[in-house]
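Working notes, beginning with the structure itself.
The values are calculated or read from the model by the stated rules, or taken from the named source; none is laboratory data. What you see is a predicted model; the values in this text were computed from it and never measured. Methodologically, a virtual Cβ is constructed for each residue, glycine included, from the backbone with ideal geometry; neighbour enumeration extends over all protein chains shown. Note: areas computed on protein heavy atoms with side chains; ligands, DNA, RNA excluded. Shrake-Rupley method; radii C 1.70, N 1.55, O 1.52, S 1.80 Å.
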Amino acid sequence: MLRKKIVLFYPIATNFKQGPPYALLFLERVVRDLGVDMVIFDEKHNENILDYIEDNKSSIILLGISVMLSNQIINARKIAEYTKKNSKIPVLFGGWFPTAFPEVVLAEDFVDLIIMKQGEIPFRELIVKLLDDTKDFETIKGLGYKNNNILIINESNNWTNVFEFPRIDFNKININNYFENNNMFRYIATQGCNCNCNFCTFSMIKEIRHFTNQPEKIIEDITYLKNNIQGLTHFSFIDDNFFSNRTFVLKVCDLLVKYHTNITWNASAHIKQFLTLYNEDDIKIIKESGCSMIWCGAESGDNKILEKINKNFNRNDVIKILRLLRKNQIAASFNLMVAFPPNPAKDFNKTLKFIMHLLLIDRSLEVAVNFYMPFTKNEYYLEATKLGFSIPKTYAAFEKMLSSGLEMKWIKNNMRRQVAFLGEFYLPVIKRKYPLNTKTVLKSVWNFLFIVFYPIVYLRFIIRFYGLNFDAFLGMKIVNYFKKRNGIKLNNLNNFMVGFDRYMED
Ligand code: B12
């Protein structure tokens, strides 16, 4: 008899580089003792999932799809619809999108089941039931299912330490597919977050906590990855809040110094936590262990906004961490949000000027800016609803949002233009740094722009003036002319992310 199979699918999220599909690797480990085959398809690298489903439909007992709010929604639907149309395989959606919007997802005909929050425990329980051919799903916490077309959403499990489960198996993917920039690999060392920022998806999960993997296990994984990927020297810890546990961080650093003197790494921190937890000696150890960059949510240049979104720090703290990192030769990278309703112009102005100020303190600072999207129910969400805003109510409305953007009437076109000019022109010029992934043919164009436009852009930063963008307009015309001439196209899968990222093209 054919062995039963579970197919797990990670739809493409972005046209930029993506890391390994950790969500699926974390799930595989909890069912590997159940005598069922698990096959992982990452759409970024494996194209033949439909053929696989077609060829194996009699032995596949479940198709599981991981979905976060991104282009994944669109491609998840395509595979799910195909599967429903051409087989009897049940389709399960998991990940942050069904966690945040369970009813929206489960209401669709192409979805039979959803799993909310951490998947490990409910996923294992579900597979056991499917293997037994029983359908009494009411005992599985975190599961949503249908009974005679009625949607049933069970209560969820508490947030648990998933690092206590068996280790993930890197052999389930081709690790070399995830080797980036000829030196880097993304890795998950901790999970969750212990902050209460009320704009973050995590704030929807009230009892969310922060858990760390054991430092020794992390070092073993790093050794394994280094031994199996030629040229790997840099790790990006893509955790939400790597630095929130000092004992853990210092232990990792200690082991890195002991066993991996020649690697560098970057990770995320909450600004206040970092400033409170780490002294100068700690930062020296962190640097010595290879830390080359720390990224943080600086979020806003407006103290009032920082207070109201519960960041627990102010502008001075942002400046303080930037100076501290600079002094210790660790690069900083800040994410910010602009245009909070109902007075978007106020924080917009403060934040853009603040960014200019920060850049004058440290030219190596990396910055990403997004327009604030009121997805969680805080004060700004209420203000936004007064202005006619509503979160999409159906799966199709979310798909539309991804291609045409969210309707946020308080954001004016000149704001979009100014943010775009800041990201695409002023920052590269003041930093004299090509936008990431700039094609070789465009580098000489940028070199020219760096010389011609630097004085005026520098002056702008000194007087903090980002209006009347004749220089950026001209500069971008020149860049776009050469892009067109060389057939370079920017194809963004996520049009709703209306700000700019550090990544320009890929
Ligand atoms: C890494 C990451 C990315 C990578 C993803 C690719 C990759 N594999 O590296 C990249 C860089 C592409 C990315 C992009 C984006 N991301 Co992102 N990302 C993350 C991050 C930091 C870690 C994801 C991860 O691998 N976690 C580790 C795994 C083990 O955990 P997990 O994914 O949560 O999976 C568990 C459960 O969710 C569940 N589960 C997940 N999938 C499935 C599937 C099934 C079948 C089941 C049963 C269970 C299940 O079980 C898993 C094991 O417990 C998360 C935050 C987080 N902690 O998850 C944000 C997060 C997922 N991203 C988010 C967002 C919004 C984005 C962006 C849209 C915007 C942005 N600014 O980041 C973009 C989209 C694309 C773009 N603009 O280009 C949000 C999602 C919000 C939402 N409601 O969907 C999160 C939660 C961040 C946040 N705090 O808001 N992201």
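What GluC sites (Glu not before Pro) does region 203-253 have in DSSP loop regions with at most 10 other beta carbons within 10 Å? Spell out each step's value before the answer.
On the way: sites: GLU207, GLU216, GLU220; in loops: GLU207.
Here the GluC sites (Glu not before Pro) that fit, given the DSSP loop and packing criteria, are GLU207.
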Legend entry - Shape of region 1-130, Cα gyration tensor, a/c cut at 1.5: rounded
Inset, instruction - Can you give me the three principal axis dimensions of region 241-340 from its C-alpha atoms, in Å, biggest first? - result: 46, 21, 19
Inset, instruction - Please go through region 30-79 and write out the GluC sites (Glu not before Pro) that DSSP classes as loop and that have at most 16 other C-beta atoms within 10 Å. - result: GLU47
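What value does region 63-107 have for Rg/Rh, both radii from Cα atoms and Rh as Kirkwood defines it?
Working: Rg = 10.1 Å, Rh = 10.6 Å.
When Rh is taken as the Kirkwood radius, the ratio is 0.95.
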Legend entry - Percentage of interatomic Cα-Cα distances in region 1-66 larger than 20 Å: 29 percent
Legend entry - Zero-based 20 Å bins, Cα pair distances in the chain, whole percents: 21, 55, 24, 1
Inset, instruction - Round to the nearest 10 and give me the degree value, 0 to 90, for the angle of helix 120-132's Cα axis relative to the longest principal axis of the chain. - result: 30 degrees
Inset, instruction - Using only Cα atoms, tell me the angle between helix 470-485 and the longest principal axis of the chain; keep it within 0 to 90° and round to the nearest 10. - result: 50 degrees
Inset, instruction - List the aspartates and glutamates whose Cα lies under 19 Å from the Cα of LYS400, skipping any in the same chain that are fewer than 8 positions away. - result: GLU81, GLU103, GLU108, ASP109
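Put PHE348, PHE465 in order of accessible area, largest first, 1.4 Å probe: what do you get?
Heavy-atom accessible area, descending, gives PHE465, PHE348.
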Legend entry - Hits among lysines - C-alpha to C-alpha of LYS327 under 20 Å, sequence gap 8 or more where chains match: LYS272, LYS284, LYS287, LYS431
Inset, instruction - Round to the nearest 10 and give me the degree value, 0 to 90, for the angle of helix 344-361's Cα axis relative to the longest principal axis of the chain. - result: 70 degrees
Legend entry - Exposure rank, largest accessible area first [LEU442, LEU131; 1.4 Å]: LEU131, LEU442
Legend entry - Per residue accessible area in Å² of the chain, where ligands, DNA and RNA are left out and the probe is 1.4 Å: 45 Å²
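Over the chain, what percent of the accessible surface lies on carbon and sulfur atoms, probe 1.4 Å? Write down the numbers at each step before the final one.
On the way: 11670 of 22850 Å².
For the chain, the apolar C and S fraction of the accessible surface comes to 51 percent.
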Inset, instruction - Quick one: pull the percentage of alpha-carbon pairs in region 54-169 with a separation above 23 Å. - result: 28 percent
Inset, instruction - Give the span of region 403-480's Cα atoms along each principal axis, as three whole-Å numbers ordered largest to smallest. - result: 39, 32, 18
Legend entry - Mean separation of Cα contacts under 8 Å, 6 or more apart, over the residue count of the chain: relative contact order %: 11 percent
Legend entry - Translational D in µm²/s for region 354-462 (Stokes-Einstein at 37 °C, 0.692 mPa s, Kirkwood Rh from C-alpha pairs): 197 µm²/s
Legend entry - Residue-averaged [θ]222 nm for the chain, counting only DSSP H segments that reach four residues, each worth -39500 (n - 2.57): -12500 deg cm²/dmol
Inset, instruction - Over 20 Å, how big is the tail of the calculated P(r) for region 239-300, in percent of all Cα pairs? - result: 19 percent
